[in-house]
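Shown next, in structure tokens, is the structure this report addresses.
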Amino acid sequence: MAETQIRFNDGASYERYMGAWSRLAGEVFLDWLAPSPGLRWADVGCGNGAFTELIAERCAPAELQAMDPSEGQLAFARTRPGARLATFRQGDAMALPFADNSFDVAVMALVIFFVPDPAKGVAEMARVVRPGGIVASYAWDLQGGGFPLEPGMAEMRAMGMTRPQPPSPEAAGIEASRQLWAGAGIEAVETRQITVQRTFAGFDDLWTTFLLAPSVGPILAALPADDLALLQSRMRSRLPPDSSGRITYSARANAIKGRVAK
């Protein structure tokens, strides 16, 4: 693990570079989850509320509790019109501030690789969900090249640049997830991959979005101008536009769901 930590303190910037990707994958994930209306939800690691808003809009929850360690992210989440029925609070995924059996569903959206002890995080979700309730997650396939910023990061690596890594990238893998869910006593486990595409207006749109990512932005801000220009050139070659100048490419997430043992 890199010594430098990835910190998410700006909900508006997160929305620009990751919010759209989050919603694209989140819609597919919720279709796969197919929850009944009127359930009590816990959104663990809600970030700036992009996925929380999807739950509110698509799932008719009876209760929606959303938690994240970053007050900067939570401040943005609270401004989302579609998430008005959610209660946002600061907290730790490894020590959820909820009583046992409080929810029908607990989800982690694009979070598990940021949890220092993923097994503890999954066990906490299982603890706060009633017997028979759902524990589910989806996360970018970091080790399989599915991260939305991978095209740029691949070129960074080719130029010898390193970037901060989340503490538990392996936890997003399909087999690792299965082991985590089994270890928490979760049954009827199913997994799938989610592939989504995003279209940018052009290279400038893509590049500006790339610069906002906290995992690469500070590194690029410190680069000599010649190195930065070379990285831009390599990314242009890697992601050519279509005839209208737009750039479209894919990202991939791994998803898992199961039920707490009765």
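The values are calculated or read from the model by the stated rules, or taken from the named source; none is laboratory data. Computed from a prediction, not measured in an experiment: that's the story for all the values here. Here the Cβ is made from the backbone with ideal geometry for all residues, glycine too, and neighbour counts use every protein chain on show.
Tabulated values for the structure
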| read-out | value |
| --- | --- |
| Residue within the stretch 183-194 that is assigned to a helix (DSSP H, G or I), modelled with pLDDT of 95 or more and surrounded by fewer than 17 Cβ atoms within 10 Å (Cβ to Cβ) present | yes |
| Residue satisfying condition, being touching a residue at least 60 places away in the same chain (Cβ under 8 Å), outside any helix (DSSP H, G or I) and over 18 Å from residue 193 (Cα atoms), within set 116, 164 | 164 |
| Filter pass, residue 74 being among the hydrophobic types (A, V, I, L, M, F, W, C), over 25 Å from residue 174 (Cβ atoms), assigned to a loop (DSSP other than H, G, I, E, B) and touching a strand residue (DSSP E or B) at 6+ places or on another chain (Cβ under 8 Å) | no |
| Sole residue being among the acidic types (Asp, Glu), exposed (fewer than 14 other Cβ atoms within 10 Å of the Cβ), assigned to a loop (DSSP other than H, G, I, E, B) and on the phi < 0 side of the Ramachandran plot, chosen from 226, 204, 242 | 242 |
| Meets criteria (of a type in the set (Val, Ile, Thr), at pLDDT 95 or above and more than 25 Å from residue 194 (Cα to Cα)) for residue 52 | no |
| Answer residue from the stretch 91-128, given it is among the β-branched types (Val, Ile, Thr) and under 14 Å from the mean Cα position of the chain (by Cα) and is farthest from residue 43 (Cα to Cα) among those | 115 |
| Subset of the stretch 161-182 that is modelled with pLDDT under 95 and over 16 Å from the mean Cα position of the chain (by Cα) - its residue that is surrounded by the most Cβ atoms within 10 Å (Cβ to Cβ) | 163 |
| Yes/no for residue 218 being over 30 Å from residue 123 (Cα atoms), surrounded by 12 or more Cβ atoms within 10 Å (Cβ to Cβ), modelled with pLDDT under 95 and within 24 Å of the chain's Cα centre (by Cα) | yes |
| Residue match in the stretch 96-105 (condition: in contact with a Phe, Trp or Tyr (Cβ under 9 Å, 6 or more places away or on another chain) and assigned to a loop (DSSP other than H, G, I, E, B)) | no |
| Filtered residue count, the stretch 62-79, keeping only those that are closer than 21 Å to residue 105 by Cβ and over 16 Å from the mean Cα position of the chain (by Cα) | 4 |
| Residue under evaluation residue 139, criteria (1) buried (at least 22 other Cβ atoms within 10 Å of the Cβ); (2) assigned to a loop (DSSP other than H, G, I, E, B), criterion not met | (2) |
| Qualifying residue in the stretch 244-257 (condition: at pLDDT below 95 and closer than 30 Å to residue 70 by Cα) | no |
